[in-house]
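The values are calculated or read from the model by the stated rules, or taken from the named source; none is laboratory data. Only a predicted model underlies this, so the values are computations on that prediction, with no experimental measurement involved. Note: ideal-geometry Cβ built from the backbone for every residue, glycine included; neighbour counts use all protein chains shown. When the accessible area is computed, the model is the full protein with side chains, heavy atoms only, and any ligands, DNA or RNA have been set aside. Shrake-Rupley method; radii C 1.70, N 1.55, O 1.52, S 1.80 Å.
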Amino acid sequence: MSETTMQAVMAEEAGGPEVLRARDVAVPEPGPGQLLVRTEATGVNFIETYQRSGMYSVDFPFTPGSEGAGVIEAVGSDVPDDAAVAVGARVATAEASGTYAQYFLVDADKALPVPDDMDPQIAGALPLQGLTAHYLVRSTFQLTPDHTAVITAASGGVGGLAIQLMKRIGATVIALTSTPEKAETARGLGADHVLPYENFAEKVRELTGGRGADVVYDSVGKSTFDESIKATRVRGTTVLFGGSSGQVPPFDLQRLNSSGSLYVTRPSLAYYTLDRDERTWRWGELMDAVSADELTVRVGGTHALADAAEAHRDLEGRGTQGKLLLLP
């Protein structure tokens, strides 16, 4: 490659979206075991708004981004001789750093193969939320056709993919949404029932003959967690995998006893992609679902890389449905 400089989005200090500004910086060189990827699309995620604002601790100046897709331009030493990680191959990842840039580095074992004919925007939109939806329905709680599952934020990125994966398994899906428009989206993705958030536990019990759901997937957190517990059947599982309304306060474990010997877990993607074999399995099932037209990856909007601040404003406004992307 001939380029020695690139555009990257940087925050010099913590603050609002306005602290994100495009800068000209040197193109990084891949170290041992690393790949240099020319970016085709970058995924924008809530964690980056927390990092930018100072809610999560990062070192400034800071280039956000862990998710992206593109073409391998250079390979570092100690990378296995494998066509999937050779110069010219297309890859995606949810485990890089500094992907708000025209080029980014990723460890070779964290790069996922992308078919030549896949739309770059689909490749950039799928890794983080797709892998999250996969581990939720295939590992955190192993859904079967006999199960009934509740999913919050059902029209969002993870929620929308999870609905489709759950229906691919054959489970019954109860979706929770906040607006009529989002409810329509959830129905279109295959949800069997769609409910508003108000008193949803009672309505879930009505739909399940008083039994409750086998599993409740809760990404909202503080404002929904109590209802999620109430909506879970005896010896069922409540999965807290986010906190868009705030973090759940300290929890008395005795409530699990009194509520029916419940299970509660707080998973995260890092512990469900422990090695290349696990990543490959999850990504392979997602690719199979996409190729079979059984998984629709929704892009909710795109912004130029230099307009990352606008993407953060859109995301924090919570009016979007589907994935937001930055395009170089």
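Structural remarks
- Radius ratio Rg over Rh of segment 234-298, counting only Cα atoms, Kirkwood formula for Rh: 1.12
- For segment 110-192, the per residue solvent-accessible surface stands at 34 Å², with DNA, RNA and ligands left out and a 1.4 Å probe.
- Taken as entire DSSP H runs, the helices of the chain that both span 18 Å or more between Cα atoms along their own long axis and average -0.5 or more on the Kyte-Doolittle scale are 157-169.
- Alpha-carbon centroids, segment 293-314 and segment 271-290: separation in whole Å: 23 Å
- Of R279, R313, the residue with the largest accessible area leads and the full order is R313, R279 (1.4 Å probe).
- Shown for segment 210-328 is the translational diffusion coefficient from the Stokes-Einstein equation, using the Kirkwood radius over Cα pairs, a temperature of 25 °C and a viscosity of 0.890 mPa s: 142 µm²/s.
- Probe 1.4 Å, accessible area per residue of segment 39-87, Å²: 43 Å²
- Surface exposure of segment 253-328, expressed per residue as accessible area with a 1.4 Å probe, stands at 52 Å².
- Solvent-accessible area assigned to carbon and sulfur over the chain amounts to 48 percent, based on a 1.4 Å probe.
- Computed across segment 213-265, the Kirkwood radius stands at 10.8 Å (inverse of mean 1/r, all Cα pairs).
- Size descriptors for segment 1-61 (Cα atoms only): Rg and Dmax, in that order, 13.6, 38 Å.
- Positive-end residue of P30, M55, Q102, charge dipole of segment 5-120 with Cβ unit charges: M55
- Straight-line cross-link reach from K182 at under 17 Å between alpha-carbon atoms covers these lysines, not counting any fewer than eight positions away in the same chain: K323.
- One entry in (1) 25; (2) 30; (3) 34 is percent of Cα pairs over 32 Å apart calculated from the shown coordinates; its label is (2).
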